[in-house]
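Data block below; observations after.
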Amino acid sequence: MVPTNYYVILSAILFGLGVFAFIFKRNIITIFMSIELMLNAVNLAFVAFSQALGKLDGQVFVLFVIVVAASEAAVGLGIIILIARNRQTLNVERVDLLKL
Amino acid sequence: MTAALVVFFVLAALAVIGAVSLILQKHPIHSALSLIVVMVALAGLYLLLGAEFVAAVQIIVYGGAIMVLFVFVIMLLNAGVEEHTSISKMAGAPGLLLAVALAGFVAATIAKSTESVQAAPQTGEIASTLGISNMIFKDFVYPFELTSFLILVAVLGATVLAQREKS
């Protein structure tokens, strides 16, 4: 039996890597992928606690998170296609329409 | 060291290596493939936790649908190697500091507070797929119905966003 702490610490590490990727990466698609990484890290914590408590609520929440992530991916990639079409770049530093 | 622990460490190492590779790769398609490795490793961890249904959904929806969408968009937009300016390279150091601090704080806090969780009796074999379907269609039926509305709105939004404007 693997202790729950291990899963939670792995989840925190993956979430931290996702945060770092979100700040460091400059390609808008990769930034979007780091959001998915963070969502996955949270899902792992949900399932680990669900198993530790012997209740299934956490696993149901994971399914809802996956549904929300799927819709988010569909809308977000639509926005990315729009940005690429209008500004001919995927670099977030060149998407500076609102910058003074 | 039990077999479960060995499997856990192998899968955890795979997930962390995939996540680090996502950061280090320069080309978005390589980052996408690294993310798929992370997702498959997480599916293995879900199996280890006894959540078979979540593991299957993870593979089908995340590894299948969402990542194919990502790869499809990367190919469609012909995304190239990402370029870093000197300012964005400087953002790496404080970003790393922030991420390490955040992960350390979360891990330390939760690891301390899960002692009560550890003491709780573990039911072990719960019929997870049957239990999940019971919960979704009984306790969580209204949120479940709302997700269909959410997906409808997302489909409409994506269609409207991606269509070409009539001139």
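Residues in the stretch B:1-47 that are assigned to a loop (DSSP other than H, G, I, E, B) and either in contact (Cβ under 8 Å) with a residue 24 or more places away in the chain or closer than 26 Å to residue B:129 by Cα (or both): how many? Let's see the steps before the verdict.
Going residue by residue through the stretch B:1-47, those that are assigned to a loop (DSSP other than H, G, I, E, B) are B:1-2, B:25-27.
When the remaining residues are screened for being either in contact (Cβ under 8 Å) with a residue 24 or more places away in the chain or closer than 26 Å to residue B:129 by Cα (or both), the result is B:26-27.
Residues that pass the stated criteria total 2.
Check the stretch A:43-65 and report whether any residue there is touching a residue at least 24 places away in the same chain (Cβ under 8 Å) and surrounded by fewer than 18 Cβ atoms within 10 Å (Cβ to Cβ).
Yes: the stretch A:43-65 contains one or more residues that are touching a residue at least 24 places away in the same chain (Cβ under 8 Å) and surrounded by fewer than 18 Cβ atoms within 10 Å (Cβ to Cβ).
So, in the stretch B:66-90, how many residues would count as being more than 7 Å from chain A (Cβ to nearest Cβ) and within 15 Å of residue A:26 (Cβ to Cβ)?
Here the count works out to 6.
From (1) of a type outside the set (Ser, Thr, Tyr); (2) modelled with pLDDT under 90; (3) under 24 Å from the mean Cα position of the chain (by Cα), pick out the condition that doesn't hold for residue B:60.
(2)
Does residue A:51 satisfy the condition of being more than 7 Å from chain B (Cβ to nearest Cβ) and among the polar types (S, T, N, Q)?
Working: more than 7 Å from chain B (Cβ to nearest Cβ): no; among the polar types (S, T, N, Q): yes.
The answer is no for residue A:51.
Do we have any residue at all in the stretch A:65-76 that's farther than 20 Å from residue B:61 by Cα and touching a helix residue (DSSP H, G or I) at 6+ places or on another chain (Cβ under 7 Å)?
Keep residues of the stretch A:65-76 that are farther than 20 Å from residue B:61 by Cα, which gives none.
Looking through the stretch A:65-76, none of the residues is farther than 20 Å from residue B:61 by Cα and touching a helix residue (DSSP H, G or I) at 6+ places or on another chain (Cβ under 7 Å).
Within the stretch B:73-97, can you find the residues that are surrounded by 15 or more Cβ atoms within 10 Å (Cβ to Cβ), modelled with pLDDT of 80 or more and assigned to a helix (DSSP H, G or I)?
B:73, B:74, B:95, B:96
The values are calculated or read from the model by the stated rules, or taken from the named source; none is laboratory data. None of these values were measured; they are calculated from a predicted model. Glycine also receives a Cβ, built like all others from the backbone with ideal geometry; neighbour counts cover every protein chain displayed.
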